[in-house]
Amino acid sequence: GENVEQHPSTLSVQEGDSAVIKCTYSDSASNYFPWYKQELGKRPQLIIDIRSNVGEKKDQRIAVTLNKTAKHFSLHITETQPEDSAVYFCAASRGGSQGNLIFGKGTKLSVKP
Amino acid sequence: DVKVTQSSRYLVKRTGEKVFLECVQDMDHENMFWYRQDPGLGLRLIYFSYDVKMKEKGDIPEGYSVSREKKERFSLILESASTNQTSMYLCASREAGGPTDTQYFGPGTRLTVL
């Protein structure tokens with residue numbers, strides 16, 4: 001069935017370094033790829049998304065890249081700060097009219113001051 | 001500002017009890033979702049509803065049912081709770097435009113079944 005693989009499951013970086021989280025998807029019909037951030041004890045919130053007709057999108061310190069041929073997409077966070085510490089989930093839309101999301105298993109990012 | 005609320009933040013129930021988890025959204029969204037979140041497993045879709053009185057099974061519907069009698073409210077029902085249903089349950093809503101519309105999540109209900 002459809003699947004989204006996310007790596008790594010945990011990531012620890014020093015403040016100011018960059019962090020990269022990678023996801024691969026299996027459904028060729030997926031055309032929307034959001035990223036959610038979940039801080040400890042809080043609800044997941046959308047931080048950035050990308051559609052299949054775009055290869056890269058940036059929003060200040062975060063960027064997402066998409067390689068449709070290889071079926072993978074990545075989240076890049078530059079100049080990391082302690083408040084970036086959270087669990088990050090990637091997701092891919094399912095094919096078909098419902099367009100529900102399939103989520104990856106999450107990456108716990110720790111930014112050390 | 002979208003607001004999605006869930007009836008309880010923490011809930012403790014006994015095996016075999018019938019459990020109701022409720023979710024309310026105030027943005028007139030068509031679509032609503034129930035997920036369960038377990039460490040190392042991410043968010044898994046239990047059921048979703050794209051309109052009032054409509055429901056579709058997600059990836060892990062076994063042991064659950066849902067009800068959507070009003071547009072703003074989506075209930076998850078555990079007919080006979082079991083210990084393997086101990087989990088964090090997240091509700092979400094989105095407009096009817098399709099997958100590219102943002103899903104907004106509720107704060108979650110941490111359910112413990114003893």
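The values are calculated or read from the model by the stated rules, or taken from the named source; none is laboratory data. Because the structure is a prediction, the values reported are computed rather than measured. Backbone-built Cβ (ideal geometry, glycine too); neighbour counts: all protein chains shown.
Pick out the one residue from A:80, A:65, A:69 that is without any contact (Cβ under 8 Å) to a residue 60 or more places away in the chain, away from chain B (no Cβ under 11 Å) and in a loop (DSSP other than H, G, I, E, B).
Working: A:80 fails: without any contact (Cβ under 8 Å) to a residue 60 or more places away in the chain; A:65 fails: in a loop (DSSP other than H, G, I, E, B).
Of A:80, A:65, A:69, the one residue that is without any contact (Cβ under 8 Å) to a residue 60 or more places away in the chain, away from chain B (no Cβ under 11 Å) and in a loop (DSSP other than H, G, I, E, B) is A:69.
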Here is a list of conditions, (1) touching a Phe, Trp or Tyr at 6+ places or on another chain (Cβ under 7 Å); (2) within 14 Å of chain B (Cβ to nearest Cβ), and residue A:75 meets all of them except one; can you say which number that is?
(2)
Checked against (1) within 14 Å of chain B (Cβ to nearest Cβ); (2) crowded, with 20+ Cβ neighbours inside 10 Å, residue A:32 satisfies every condition except (2)
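Kindly check whether there is at least one residue in the range A:41-60 that is part of a strand (DSSP E or B) and in contact with a Cys (Cβ under 8 Å, 6 or more places away or on another chain). If you could, list the steps in order and put the result at the bottom.
As a first pass, look at the range A:41-60 and keep what is part of a strand (DSSP E or B): A:45-51, A:56-59.
Filter once more, keeping what is in contact with a Cys (Cβ under 8 Å, 6 or more places away or on another chain): none.
Taking every residue of the range A:41-60 in turn, none turns out to be part of a strand (DSSP E or B) and in contact with a Cys (Cβ under 8 Å, 6 or more places away or on another chain).
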Condition (residue is over 18 Å from residue A:101 (Cβ atoms) and free of Cβ contacts under 8 Å to residues at least 40 places away in the same chain) applied to the range B:91-112: is it met by at least one residue?
no
Take residues that are within 12 Å of chain A (Cβ to nearest Cβ), modelled with pLDDT under 95 and buried (at least 16 other Cβ atoms within 10 Å of the Cβ) and tell me which of the strands (runs of 3 or more DSSP E) falling wholly in the range B:5-114 contain 1 or more.
B:31-38, B:42-49, B:87-94
Out of the residues in the range A:87-108 that are more than 9 Å from every other protein chain (Cβ to nearest Cβ) and more than 12 Å from the chain's Cα centre (by Cα), which is nearest to residue A:49 (Cα to Cα)?
A:95
